[in-house]
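Bear in mind that the values in this text are calculations on the coordinates, not laboratory data. Note that the structure is a prediction, hence the values are computed from the model and not measured. Using ideal geometry, Cβ is built from the backbone for each residue, glycine included, and neighbour counts are taken over all protein chains shown.
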Ligand SMILES: [Mg+2]
């Protein structure tokens, strides 16, 4: 299940006069904002998400720009997900607007299940959705992307694309290898060099040669190209990663501001982890220089954590180790993966005692009740961060 132009659809529900208009949700064009989501009317002008808002306005001068309203989107997302949960306990939320459902134990045709859920979401919440239906996640996701791309015009796609069992391989064959999961620009170039352009080319290539060239990834490439994917639908408790990042409205070289930004991100991340009863072994930092070169570095801890300060210490030290300090930073982010569902009080973090965990609990519940800005660290009060208007990236 994938919500169609989710942020835009929510904005349109709240302001019906936007219907059929070219509009985009995202950041301020004057401060290097980017398009988070754009209406299908805007897409007629080649506007797309992740594009700088200023560029979008050049392509479509009549574009209406709406600033993001995350709180509202997350409320709508919850409402949609809870409808899905009425149909299956096996829901894997991939993002705010996408989820996999395992419906193999429902005694109905999967296409009918999709149609029923699609119309229930439309009727009860008012949002348009599209579905990809298949025997596995890989093909369902590609089917949905494919179905949505076939849709032309300014209305929402509201597609249901079904790949019947046994048809996976022939469905995938004509598509570009770039539509496979895990095939980025770089792999795609590598594959091109050996004459592989379509998924079909890849499926009929010699598996051993792929392994020689791509290692273990070659096995997956071959399997996926043949429509095989054994990954189960895992519920959100078994979620694979969580992350937070910000793009600055001007490039930052101040260590103080960067560290405070990372603290803010770690507080959000820690609170999210504790909310889900999770802690993580692997911490990853991401940073982008002003020339757009982007790096990620990660480290795996001996014990899992969901502690803001452990996230900060680990992430910040990792960042400092690699940041060249010469080039200003455009984006900074921190993420975690490799989860453990129970948090142990660890020898390693003994200095962060029980009192601190109780404090987190209180802070988290205050934020839940009154919003995330209700309480901040005293050390943040004096900082100039607020004057650096930060752009959230989706
Ligand atoms: Mg979507």
> Using Cα atoms only, what is the angle between the long axis of helix 354-370 and the major principal axis of the chain, expressed in degrees (0 to 90) to the nearest 10?
Replying inline: 60 degrees
> What residue among 216, 137, 149 shows peak mean-square fluctuation when the chain is described by a Gaussian network model with Cα springs under 10 Å?
Replying inline: 216
> Quick one: of the DSSP bridges fully inside the chain, what percent are antiparallel, nearest 5?
Replying inline: 85 percent
> Stretch residue 185-residue 149 to full length: gain in nm at 0.36 nm per residue minus the Cα-Cα span?
Replying inline: 11.0 nm
> Could you work out the helix-only [θ] at 222 nm for the chain, with each DSSP H run of four or more residues adding -39,500 (n - 2.57) and the total divided by the number of residues, to the nearest 500 deg cm²/dmol?
Replying inline: -12000 deg cm²/dmol
>> I'd like the distance separating the alpha-carbon centroids of region 266-312 and region 88-119, in whole Å.
In response: 31 Å
>> Using only the alpha-carbon atoms, how far is helix 110-124 inclined from the longest principal axis of the chain? Give it as 0 to 90 degrees, nearest 10.
In response: 50 degrees
> Which three lengths, in whole Å and largest first, does region 141-202 cover when its Cα atoms are put on their principal axes?
Replying inline: 39, 29, 16
> Rounded to two decimals, what is Rg over Rh for the chain when you use alpha-carbon atoms and the Kirkwood radius?
Replying inline: 0.97
> For the chain, modelled as a GNM with alpha-carbon contacts under 10 angstrom, which of 253, 185, 92 fluctuates the most?
Replying inline: 185
> If R0 is 45 Å, what FRET efficiency do you get for residue 303 and residue 17 from their C-beta distance, rounded to 0.05?
Replying inline: 0.25
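Which whole-number percent gives the relative contact order of the chain, counting Cα pairs below 8 Å spaced six or more residues apart?
13 percent
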> How many nm is it between the label spots at residue 86 and residue 119, if each spot is 7 Å from the Cα in line with the beta carbon?
Replying inline: 1.4 nm
>> Please compute the modelled spin-label separation between residue 326 and residue 296, points set 7 Å along Cα→Cβ, answer in nm with one decimal.
In response: 2.7 nm
>> Compute the helix-to-body angle for 137-150: its Cα long axis versus the longest principal axis of the chain, expressed 0 to 90° and rounded to tens.
In response: 70 degrees
> DSSP beta bridges in region 2-70, what fraction antiparallel, as a percent rounded to 5?
Replying inline: 50 percent
